[in-house]
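Worksheet for the structure shown next.
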Amino acid sequence: DVQLQASGGGLVQAGGSLRLSCATSGFSFDDYAIGWFRQAPGKEREGISCISYSPSSLYYADSVKGRFTISTNNAKNTVYLQMNSLKPEDTAVYYCAADLSAYGRDCTTRAHTKYEYDYWGQGTQVTVSS
């Protein structure tokens, strides 16, 4: 049973940091792309990062590049999103998701929209105050 569970959200002041975790089970995420998404009220769900190992690749949306870092702990089947220099516009519900398709594994070439991902965590709220 494929499951993902996002956690680590909370309230933080602008300029602060937060680390989100995505615990996964039911698949070997070493072989597939894992994405982080966020959705602000009234807006479309936005892909902000991706990591894969087959091939090894990374992706960051321009809005978070240089501030957010995606990483994994393979022994714990967990994906992280380290968020630094947070801004009020980062306020959103953050989701982790898995794409288990054979052709979406390269984060440098794949699309980064919600439609490419089949499995989702429940989301965790991040609120950045000014």
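The values are calculated or read from the model by the stated rules, or taken from the named source; none is laboratory data. None of the values given here were measured: they were computed from a predicted structure. Glycine also receives a Cβ, built like all others from the backbone with ideal geometry; neighbour counts cover every protein chain displayed. Just so you know, the surface numbers come from the protein's heavy atoms only, side chains and all, with ligands and any DNA or RNA stripped out. Shrake-Rupley method; radii C 1.70, N 1.55, O 1.52, S 1.80 Å.
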Exercise. Among (1) within 22 Å of VAL2 (Cα to Cα); (2) touching a residue at least 60 places away in the same chain (Cβ under 8 Å); (3) within 15 Å of the chain's Cα centre (by Cα); (4) open to solvent by 10 Å² or more (accessible area, probe 1.4 Å), which single condition is PHE29 missing?
Worked result: (4)
For this session: Answer yes or no as to whether VAL79 is crowded, with 19+ Cβ neighbours inside 10 Å and in contact (Cβ under 8 Å) with a residue 24 or more places away in the chain.
Result: yes
Problem set entry | Whichever residue in the range 8-26 is open to solvent by 30 Å² or more (accessible area, probe 1.4 Å) and assigned to a loop (DSSP other than H, G, I, E, B) and, among such residues, is modelled with the lowest pLDDT | GLY26
Exercise. For the subset of the range 77-128 comprising residues that are in a loop (DSSP other than H, G, I, E, B) and in contact with a helix residue (DSSP H, G or I) (Cβ under 7 Å, 6 or more places away or on another chain), which member is modelled with the lowest pLDDT?
Worked result: GLY104
Seminar exercise, completed: With criteria (1) more than 26 Å from ASP1 (Cβ to Cβ); (2) open to solvent by 60 Å² or more (accessible area, probe 1.4 Å); (3) within 12 Å of the chain's Cα centre (by Cα), TRP120 comes up short on (1)
Exercise. If a residue has to be exposed (fewer than 14 other Cβ atoms within 10 Å of the Cβ), among the small types (Gly, Ala, Ser) and either in contact with a Cys (Cβ under 7 Å, 6 or more places away or on another chain) or not in a strand (DSSP E or B) (or both) to count, how many in the range 57-76 make the cut?
Worked result: 3
